[in-house]
Amino acid sequence: MAGLASDGSNPDVGLLYDINGLAEGTPSWFDRAMAFTGEYGILIALVLLVLGCWWSVRRRGGAEDSVAAVAGLVWAPLAAGVALLVNIPIRGFVERPRPFLDHQGLEVLVPGKTDYSFVSDHATLAMALAAGLFVAHRRFGLAAIGLALSEGFCRVYLGVHYPTDVIGGLALGTAVTLLLAPVALALLTPLVTAVARSGRLGRLVRSRRVAVRERGLAVPPVTERSPLPAPGTEPEEKGLAA
């Protein structure tokens, strides 16, 4: 299975050269910036996006919405881990070498890659996080999907993956996250609900200020009541009737 893209006329190889060729003639500082972005930067941005979504949902919305969103956020990194584990036998079965080992003239901006190329771990991890975030919160999820697609482009630009490596990683991350989401959320939602009802740990799901405000709104407002008649007296209406 190692010859998935050995033919120079293969569109996969042609697209590889087209995207990687953009790196020709770029300044060294830009190459270093792209290398950091493709290796670490986008993944760090995705983690920060997950944390930002958590901070937002715990301070807004109803209690049920917060529980559902936090359960989805817990599932996102778990799904990424599962997807990476699923990729281990796939890479061992396909045994596809890195593109720079079979093709000359590539601008390899991240040297030292010796493992197999298909499927891209970076693309798998990025899309699994993005899909999990989309399950938890649509707006944050769409931003994360955009970052995951950018991660895929960067891996080809850096010369360390074929386009189909990236497409496979994006598909694997999406499939693992969405297919296992119903079971995962069914297990995580009761756990997150229990955490939300606890003392200090409840702040991980609901902001203390929001929880106090909701409890205050749940108490019916105190209304003024007419004073009770003094003992031994009768209402005025009864006196007139007599």
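Here, each number is a calculation from the coordinates, and none is a lab measurement. Everything numeric here is computed off the predicted structure, so don't read it as measured data. Methodologically, a virtual Cβ is constructed for each residue, glycine included, from the backbone with ideal geometry; neighbour enumeration extends over all protein chains shown.
Looking at segment 137-157 only, could you name the residues that are charged (D, E, K, R) and surrounded by fewer than 19 Cβ atoms within 10 Å (Cβ to Cβ)?
Here is the first cut: in segment 137-157, the residues charged (D, E, K, R) are 138-139, 151, 155.
Once the filter is applied, which keeps residues that are charged (D, E, K, R) and surrounded by fewer than 19 Cβ atoms within 10 Å (Cβ to Cβ), segment 137-157 yields 138, 139.
If I filter segment 33-50 down to residues being surrounded by 11 or more Cβ atoms within 10 Å (Cβ to Cβ) and free of Cβ contacts under 8 Å to residues at least 60 places away in the same chain, which single residue comes out as nearest to the chain's Cα centre (by Cα)? Please lay out each step first, then the result.
Of segment 33-50, the ones surrounded by 11 or more Cβ atoms within 10 Å (Cβ to Cβ) are 33-47, 49-50.
When the remaining residues are screened for being free of Cβ contacts under 8 Å to residues at least 60 places away in the same chain, the result is 33, 36, 40-41, 44.
Working: 33: 24, 36: 20, 40: 16, 41: 15, 44: 11 Å.
Ranking the qualifying residues of segment 33-50, first place goes to 44.
So for segment 178-191 (the condition being buried (at least 22 other Cβ atoms within 10 Å of the Cβ) and in a helix (DSSP H, G or I)), does at least one residue qualify?
For segment 178-191, residues buried (at least 22 other Cβ atoms within 10 Å of the Cβ) and in a helix (DSSP H, G or I): absent.
Sort through 70, 86 and tell me the only one that's buried (at least 19 other Cβ atoms within 10 Å of the Cβ) and either touching a residue at least 24 places away in the same chain (Cβ under 8 Å) or under 18 Å from residue 157 (Cβ atoms) (or both).
Details: 86 fails: buried (at least 19 other Cβ atoms within 10 Å of the Cβ).
The conditions single out 70.
Take segment 126-136 and flag every residue that is surrounded by fewer than 24 Cβ atoms within 10 Å (Cβ to Cβ) and over 17 Å from residue 179 (Cβ atoms).
none
Select from segment 157-176 the residues that are assigned to a helix (DSSP H, G or I) and among the small types (Gly, Ala, Ser) and write down the one among them that is farthest from the chain's Cα centre (by Cα). Even if it seems obvious, please write down each step before you answer.
First, pick out the residues of segment 157-176 that are assigned to a helix (DSSP H, G or I): 157, 163-176.
If we keep only those that are among the small types (Gly, Ala, Ser) too, we end up with 168-169, 171, 173, 175.
Details: 168: 18, 169: 15, 171: 15, 173: 11, 175: 14 Å.
Filtering first and then ranking leaves 168.
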